[in-house]
Amino acid sequence: MSTKTSTPRQSGTGRRAELLALAARLFAERGFVSTTVRDIAEAAGILSGSLYHHFDSKESMADEILRGFLDELFGTYAEIVAADLGPRKTLEAVVVASFESIHAHPAEVAIYQNEAKHLVQLERFAYLDERNREFRDLWNGILAEGVRTGAFRTDLDIELVYRFIRDTVWVAVRWYNPDGPLAAHDVAEQYLGILLDGIATRRRPVRKG
């Protein structure tokens with residue numbers, strides 16, 4: 001896939017990584033369009049010209065942030081699928097991995113959720129559409145296999161369930177607090193309990209006669 005032809009540098013250390021982390025926070029808090037190179041430079045305590053020694057534009061910064069985040073996330077997904085755990089265990093593992101990603105990279109997740117529709121209009125961010133398709137195929141494949149094997153109900157509308165899972169998992173970035181009382185794994189377990197088992201108690205059958 002073409003998204004793997006460019007190696008992200010976000011994982012590097014030093015000043016460059018610090019500037020990317022700072023930019024990610026500002027993009028997440030203020031929005032990509034509203035955040036200027038001057039804003040990033042001022043927050044870093046440097047002049048705008050000094051920032052250009054590291055990056056040629058804020059688009060380059062957002063690109064590097066998103067590529068690094070998505071490559072890591074989809075790398076984790078690939079490892080889970082390759083483990084061949086069966087559809088239910090695979091779905092559970094992917095949900096846990098998603099919440100762990102929200103915990104570890106809240107700014108990056110927020111940027112992806114809030115800015116993708118705008119950024120994908122720029123040619124350098126075309127890979128976002130590819131990643132969206134890859135994400136849809138991943139979930140639909142897990143759900144379809146679960147229906148086929150009997151792990152999930154046969155009356156499921158796979159596309160509807162995929163959209164429900166996608167939206168309810170990733171919207172958590174708006175309220176999840178990494179420093180709060182619930183760890184990412186705890187939230188994932190609660191979510192999976194609702195998703196797979198529901199929230200209503202099972203009614204006992206009424207005996208006649």
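The values are calculated or read from the model by the stated rules, or taken from the named source; none is laboratory data. Note that the structure is predicted; figures quoted are calculated from it, not measured. Glycine also receives a Cβ, built like all others from the backbone with ideal geometry; neighbour counts cover every protein chain displayed. Keep in mind that these areas ignore ligands, DNA and RNA; they rest on the heavy atoms of the full protein, side chains included. Shrake-Rupley method; radii C 1.70, N 1.55, O 1.52, S 1.80 Å.
Tabulated data for the structure shown
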quantity: Identified option (computed mean projected area of the Cα convex hull in nm²; candidates (i) 13.4; (ii) 12.4; (iii) 15.1); calculated: (iii)
quantity: Of Asp197, Asp186, Asp167, the one that fluctuates the most in a GNM where the chain has Cα springs shorter than 10 Å; calculated: Asp197
quantity: Percent accessible area from carbon and sulfur atoms, the chain, protein chains only, probe 1.4 Å; calculated: 51 percent
quantity: Length-normalised contact order for the chain - Cα pairs under 8 Å, 6+ apart - percent; calculated: 23 percent
quantity: The stretch 92-186 - accessible surface per residue (Å², probe 1.4 Å); calculated: 54 Å²
quantity: Extension gain from Arg148 to Glu130, taking 0.36 nm per residue of separation minus the Cα-Cα distance; calculated: 3.8 nm
quantity: Cα centre as origin, Lys/Arg/Asp/Glu Cβ charges: the stretch 90-158 dipole, Debye; calculated: 80 debye
quantity: Total charge dipole magnitude, the stretch 2-129, about the Cα centre, Cβ charges on Lys, Arg, Asp, Glu only, Debye to nearest 20; calculated: 120 debye
quantity: 12 Å reach of a label modelled at Leu196, 7 Å along Cα-to-Cβ, counting backbone N of the stretch 138-171; calculated: 151-152
quantity: Backbone HN-Hα couplings from phi across the stretch 121-129 [Karplus 6.51/-1.76/1.60, Hz, Gly and Pro as x]; calculated: 6, 8, 4, 5, 9, 4, 5, 5, 5
quantity: Gain upon complete extension [Ala82, Val171; 0.36 nm per residue less C-alpha separation]; calculated: 29.4 nm
quantity: Area accessible to solvent at Ile194, 1.4 Å probe radius, in Å²; calculated: 90 Å²
quantity: Per-residue ³J(HN,Hα) for the stretch 55-67, Karplus 6.51 cos²θ - 1.76 cosθ + 1.60, θ = phi - 60°, Hz, x for Gly and Pro; calculated: 9, 7, 5, 6, 4, 4, 5, 4, 4, 5, 4, 6, 4
quantity: Neighbourhood net charge (12 Å Cβ-Cβ; Lys/Arg +1, Asp/Glu -1) for Pro106; calculated: -2
quantity: Sequence-distant residues sharing a close amide H with Thr36 (under 5 Å, placed H); calculated: none
quantity: 13 Å beta-carbon shell around Phe125, net charge (K/R +1, D/E -1); calculated: -2
